[in-house]
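Working notes, structure below.
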Amino acid sequence: MKIVVCVKQVPATTDAKIDPETKRIIREGTKAVLNPFDLYALEEAIRIREWVGGEVIALSMGPESAKNVLTEALSMGADRAFLLCGREFAGSDTWATSYALAKAIETVGGVDLILCGKQAIDGDTAQVGPGIAAKLNIMQAANVMQVDEIGNGTLTVRRMNERGYDIVRLQTPALITVVKDINVPRIPTLRRAREARRIEIPLWTYKDIGADPDKIGLAASPTRVVRTEPPAIRNTDTLTISGAPADAAKLLVGEMLARGLL
Amino acid sequence: MIFTRSDPSGFHIEIIPPKQDSQKLEEDLDLFASKFERVMESGFTASITDNAMGLLAFQGHECIKELGLRARPDQILIHLNTFHTKQNLDDILESCEKLGINSILAISGDGSPRLPKLKPSEAEADGTASVTSVDLTRYIRKHYPSFAVGVAFNPYEPEEHEFEKLKRKLDAGASFVITQPIIERNAAVDRLLAEYPDLPVIVEAWMSKKLFLLSDVVGYPIPEDAAFDPIGTLETLLKLYPGCGFYLSLLGFKTQYSAIEEMAEERRNSK
């Protein structure tokens, strides 16, 4: 089974800052990491490969520094990786990004299954995975929490919903986005991490994937991020309770009841 | 028997393996190897951390194996915390056994979103909310009895609570203790030595000038510009606690190691 996992380099949440003037995330000088949800997609892809055989290909779009997250994907166990890179891709919204990644997946060729994290922690849109499926005109299931069966050109998964889950059967090729409940991502071994750093990661331009330059980048993006606001700072109110443990516990419970916390 | 108080011949030197996200992994591995081999040559114990501060790093045992380092198993102490899958935990312990390593430091550890936490059922600690170093100690001693298991002792915690916890750790099979860093005579450490005269105790000595980190550990603010002489402090501690081993955290290999070797030699000669 040929599996592609789409991954994204995002700012580390602990480091992310917002420009007070432009209200946009400051990416320069901010530590970049692999989008946490994509770790689960990678892990699931590797488990599926271990289960039914095949190969796992990691795919990303971004500046050359995004090679780092692809190296991490290779360290976890992906077999190959490609990076869509070039200024033509810059400023792509979810629509243009989905188009570019879909073109790259077509370029890989013969892909049976595509996995994505349910969303990226910077944009939080959860649109790119479904967008890729739409561009490729293949079946998709979002928020998958378990893969039950694979075989005979189908894939059976559990799709998380508010009440529990639906069991969904998809024909392959298909795309799924996964939630954190699906697995526990492995920690790369040193041996594999060293091997991964020796694997060449080809850079693909829009020409390499046969993309229409009028459908990628900022100009081709129908949506705009107008403003990004940091969350409002919560009022913190520290109450120190002292006294004997039993008395302090009673006071604490009383305070929590009074504040509607219990 | 490097942990017995009658033979504190060497120091325990903290070595932090390269981080998983290192952009210069081979360089970092070379540095790890040179530190490790120097510690082996000096006769000290290499005390190798496990994802210290919750930062994802490679494991000590895999660095030793992968780099083909000349390990002297009696001089290695592997730290192991509760932030692993059971599979990972068993892999580490089995690998250490194969390397002939016989000492593990069982600690709760610092978590991070990337690190999985052992489940109580996996550590045979059903009925508890989360796995602690007590459960980890018990698990290691039950399934890997060849390891001597050490545990942490925090003299900055409420004393009765810490001593009660220590008793549970010892009941679970711990056979030596490493304290949090102290920089002067410490009443809780004195009590520890008095109450457990036969228990090997290793005192952590802070060898860094990064005082803000030490402030975090000791729980009271130490001004950044305070005069702090790590070597001088260690000399004082050696005199105050002559029967203890010493865990040297954040040791500067370039600037402090030679002095440490000289101090160790003096200690050995005085025994």
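Structure values in brief
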quantity: Estimated [θ] at 222 nm from DSSP helical runs (n ≥ 4, -39500 (n - 2.57)) normalised by residues in chain B, nearest 500; calculated: -12000 deg cm²/dmol
quantity: Ordering of A:77-84, A:156-163 by burial proxy (mean other Cβ atoms within 10 Å per residue, highest first); calculated: A:77-84, A:156-163
quantity: Peptide B:19-26, shielding by other chains (average Cβ, 10 Å cutoff); calculated: 4
quantity: Anisotropy class of region B:12-270 from Cα gyration tensor, a/c 1.5 cut; calculated: rounded
quantity: Tilt relative to chain A, helix A:67-76 - C-alpha long axis, 0 to 90 degrees, to 10; calculated: 90
quantity: Over 18 Å [Cα-Cα, region A:50-194], rounded percent; calculated: 60
quantity: Mean ellipticity per residue at 222 nm, deg cm²/dmol - from DSSP H runs of n ≥ 4 across chain A, formula -39500 (n - 2.57); calculated: -9000 deg cm²/dmol
quantity: R0 of 41 Å, Cβ-Cβ distance residue A:219-residue B:87: FRET efficiency to nearest 0.05; calculated: 0.25
quantity: Reachable lysines, given that their alpha-carbon falls under 28 Å from the alpha-carbon of residue A:17 and they are not under 8 places away in the same chain; calculated: A:8, A:31, A:67, A:118, A:180, B:19, B:24, B:210
quantity: Fewest-first ranking of B:206, A:95, using other Cβ atoms within 10 Å as the exposure measure; calculated: A:95, B:206
quantity: Rounded to 5, percent antiparallel among DSSP beta bridges of the protein assembly as shown; calculated: 25
quantity: Relative contact order (percent, whole number), region B:1-132, Cα cutoff 8 Å, 6+ residue spacing; calculated: 22
quantity: For the protein assembly as shown, alpha-carbon Rg over 2.2 N^0.38 Å; calculated: 1.12
quantity: Peptide ranges A:201-207, B:101-107, A:222-228 listed from the most packed, as the mean C-beta count within 10 angstrom indicates; calculated: B:101-107, A:201-207, A:222-228
quantity: For peptides A:61-70, A:211-220, sequence by mean Cβ density within 10 Å, most packed first; calculated: A:61-70, A:211-220
quantity: Region A:151-226 - Rg (one decimal) and Dmax (whole number), Cα, Å; calculated: 19.4, 46
quantity: Rounded to 5, the percent of DSSP beta bridges in chain B classed as antiparallel; calculated: 5
quantity: FRET efficiency, 1/(1 + (r/R0)^6) with R0 51 Å, evaluated for residue B:171 and residue A:31 via beta carbons; calculated: 0.75
quantity: Residue mean of other protein chain beta carbons inside 10 Å, A:65-73; calculated: 1
quantity: Under 17 Å from the residue B:160 label point (7 Å along Cα→beta-carbon), backbone N, region B:195-226; calculated: none
quantity: Cα centroid separation - region B:176-245 against region A:226-262, whole Å; calculated: 35
quantity: ³J(HN,Hα), Karplus 6.51/-1.76/1.60, whole Hz, each residue of region B:77-87, x for Gly, Pro; calculated: 10, 9, 7, 9, 10, 8, 9, 8, 6, 5, 4
quantity: In Hz, Karplus ³J(HN,Hα) per residue of region A:46-60 (6.51, -1.76, 1.60; θ = phi - 60°; x = Gly, Pro); calculated: 5, 5, 5, 4, 5, 7, 10, x, x, 9, 10, 10, 8, 9, 9
quantity: Within 10 Å of each Cβ in A:186-198, the average number of Cβ atoms from other chains; calculated: 5
quantity: Stretchable slack from residue B:269 to residue B:94, in nm (0.36 nm times residue separation minus alpha-carbon distance); calculated: 59.3 nm
quantity: Neighbourhood net charge (13 Å Cβ-Cβ; Lys/Arg +1, Asp/Glu -1) for residue B:145; calculated: +2
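Here, each number is a calculation from the coordinates, and none is a lab measurement. A quick note: this is a predicted structure, and the numbers were derived from the prediction, not measured. All Cβ positions, even for glycine, are placed from backbone atoms using ideal geometry, and neighbour counts span all protein chains on display.
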